[in-house]
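**Q** One structure follows; several queries about it will come next.
The values are calculated or read from the model by the stated rules, or taken from the named source; none is laboratory data. Since this is a predicted model, take the numbers as computed values, not measurements. Positions of Cβ are backbone-derived with ideal geometry, glycine not excepted, and every protein chain shown enters the neighbour counts.
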Amino acid sequence: MIPFNTALHKVLHYANPIGDEEKNLDQLLGFHLAEDLKTKFDSPLFDNSSVDGYCVKLLDFKGTLPIELSLIGETKAGDKSNKKLTEGKTIKILTGAQVPKGTDAIVMKEFTKEKNRQVFFYKRVKPFENIRFKGEEFKKKSKAINKGTKITPPVIGLIASLGYSRAKVFKKPKISIIVTGNELVLPGKKLSSGKIYDSNSYALTSCLKEMGIASYKIQRVKDNKTTIRKSISKAIKSSDVIITVGGISVGDYDFVKDVFISLGVKTIFTKIAMKPAKPNYFGVINYKSQRKLIFGLPGNPVSSILSFHQIIKPALLKIMGGEEVTPFKVKTKLGKEVKKKKGRLEFVRGIVSQSNGKLEVMPTKGQGSHMLGGMINANCLINFPKEKSFLSKGTEVEVDFIDWN
């Protein structure tokens, strides 16, 4: 049994990108860039106005307000500016339009009044006010977006504004989920005595969808060593990451670990000093010169989904080219005392909220590894250190945010 941080470190050591590919602009969402993107030109490409208003020269603003200037033209977004501003004159300009030569500043329309081709100004301006300068955000050939950046809607907007119609991204892994158990019944079917509904396959595939991973297969198999071996062997050939659920403890029908060994999987660890989800398998196998990652999760619903969030998700993010792959952590105060046995790091499901302007975390009801009700209300996992058995109300604790909330 190894500490949680050691287990995570070992998993991330073996998790690496599996290649890259080019995608069109409208296909990039959710991927991570596999290259730095540099600018092809200065951005902005030319001096332009940040407001609707009037171009002025500062020399015209030495007198008392209102200042009166003659209107000699208009420029709007998309116009090629060949106008030049001289003293005593003004040019109307719309947001995004190229700034005419000779302009010292732009006065917002709200502080002016136009009448009979004359414009009256009721506010003074500072030099260069309301002007966005050429190259003020990015200079030509400078790095605009770093390799490894997750492509979100704003990133897509920036890529498009730089003139790219395609970009190189890291490939997303192909996943196989194999759920074992004689007791499992599909939701919607009638339950007979001793049976339970399969929730793990649906919860885990939802985790993959939430990450933007669409290439996955689900297999549901009975507790039969031959059947399990056939399913895992098939998954190793077709997938980059294999996730099994159930059958990894020490029961008479827990065959999964034995099957891994018989197939030549190199075992990295079989237990983690954490609660829930102490039985937790990780191994690797090479197939046709490609390393496959093998995860064996416990069958309890909370244990499997928590293991995914804390261990598998960081590994998948790293495979996908991500750099910040572990859950976002903050420190906050406990709103209620908690107890446990020493010896294992415990992830207590909790709810972080504001109380009197400060963050506070409360444990949810239902902390059993089979109790999904306590998980659905949680927005974080309280890190209860292995060497502690009691944390009083008001103790500062570290929490991992559950980001599907």
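**Q** Can you pull out the residues in the stretch 312-342 that are under 28 Å from Leu204 (Cα atoms) and acidic (Asp, Glu)?
**A** Within the stretch 312-342, Glu323, Glu324 meet the criteria.
**Q** Would you point out which residue out of Leu345, Leu293, Leu306 is under 23 Å from Ser201 (Cβ atoms) and in contact with a helix residue (DSSP H, G or I) (Cβ under 7 Å, 6 or more places away or on another chain)? Before you say what the answer is, go through the steps one by one.
**A** On the way: Leu345 fails: under 23 Å from Ser201 (Cβ atoms); Leu306 fails: in contact with a helix residue (DSSP H, G or I) (Cβ under 7 Å, 6 or more places away or on another chain).
Answer to the check: Leu293.
**Q** Among the residues that make up the stretch 375-382, is at least one of them crowded, with 18+ Cβ neighbours inside 10 Å and in a helix (DSSP H, G or I)?
**A** yes
**Q** Among the residues of the stretch 188-215 satisfying the criterion of being within 17 Å of His370 (Cα to Cα) and touching a helix residue (DSSP H, G or I) at 6+ places or on another chain (Cβ under 8 Å), which is surrounded by the fewest Cβ atoms within 10 Å (Cβ to Cβ)?
**A** The extreme case among them is Ser199.
**Q** Write out, first by first residue and then by second, each pair whose Cβ atoms fall under 8 Å of each other, whose residues are 6+ apart or on separate chains, and whose first residue, in the stretch 87-113, is closer than 12 Å to Ser50 by Cβ while the second is among the aromatic types (Phe, Trp, Tyr) and surrounded by fewer than 19 Cβ atoms within 10 Å (Cβ to Cβ).
**A** Between residues of the stretch 87-113 that are closer than 12 Å to Ser50 by Cβ and residues that are among the aromatic types (Phe, Trp, Tyr) and surrounded by fewer than 19 Cβ atoms within 10 Å (Cβ to Cβ), the close pairs are Val99/Phe46; Ala105/Phe128.
**Q** While we're on this one: For Glu324, all conditions in the list (1) over 25 Å from Thr270 (Cα atoms); (2) within 21 Å of the chain's Cα centre (by Cα); (3) assigned to a strand (DSSP E or B) hold save one; what is the number of the exception?
**A** (3)
**Q** Out of Leu29, Leu45, Leu58, I need the residue that is farther than 27 Å from Pro153 by Cα and in contact (Cβ under 8 Å) with a residue 60 or more places away in the chain. Which one?
**A** Working: Leu29 fails: farther than 27 Å from Pro153 by Cα; Leu45 fails: farther than 27 Å from Pro153 by Cα.
Criteria check complete, one pass: Leu58.
**Q** Then there is this: Only one of Asp36, Asp47, Asp42, Asp79 is under 23 Å from the mean Cα position of the chain (by Cα) and not aromatic (Phe, Trp, Tyr). Can you tell me which? Give the derivation first.
**A** On the way: Asp47 fails: under 23 Å from the mean Cα position of the chain (by Cα); Asp42 fails: under 23 Å from the mean Cα position of the chain (by Cα); Asp79 fails: under 23 Å from the mean Cα position of the chain (by Cα).
Asp36 is the lone residue from the list that is under 23 Å from the mean Cα position of the chain (by Cα) and not aromatic (Phe, Trp, Tyr).
**Q** So, restricting to strands (runs of 3 or more DSSP E) that lie completely within the stretch 74-179, which ones have at least 1 residues that are at positive phi, charged (D, E, K, R) and not assigned by TED's automatic domain parsing to the domain that holds Asn200?
**A** Once the strands (runs of 3 or more DSSP E) in the stretch 74-179 are filtered for at least 1 residues that are at positive phi, charged (D, E, K, R) and not assigned by TED's automatic domain parsing to the domain that holds Asn200, nothing remains.
**Q** For the stretch 235-252, does any single residue satisfy the condition of being within 21 Å of Val185 (Cα to Cα), assigned by TED's automatic domain parsing to the domain that holds Ile305 and in a helix (DSSP H, G or I)?
**A** no
**Q** Could I ask something else about it? Out of all the residues in the stretch 196-222, which are farther than 16 Å from Asn300 by Cβ, in contact with a strand residue (DSSP E or B) (Cβ under 9 Å, 6 or more places away or on another chain) and not aromatic (Phe, Trp, Tyr)?
**A** If the condition is that a residue be farther than 16 Å from Asn300 by Cβ, in contact with a strand residue (DSSP E or B) (Cβ under 9 Å, 6 or more places away or on another chain) and not aromatic (Phe, Trp, Tyr), then Thr205, Leu208, Lys209, Ile213, Ser215, Lys217, Ile218, Gln219, Arg220, Val221, Lys222 are the ones that fit.
**Q** Scan the stretch 224-234 and tell me whether some residue there is assigned to a loop (DSSP other than H, G, I, E, B), surrounded by fewer than 19 Cβ atoms within 10 Å (Cβ to Cβ) and modelled with pLDDT of 95 or more.
**A** no
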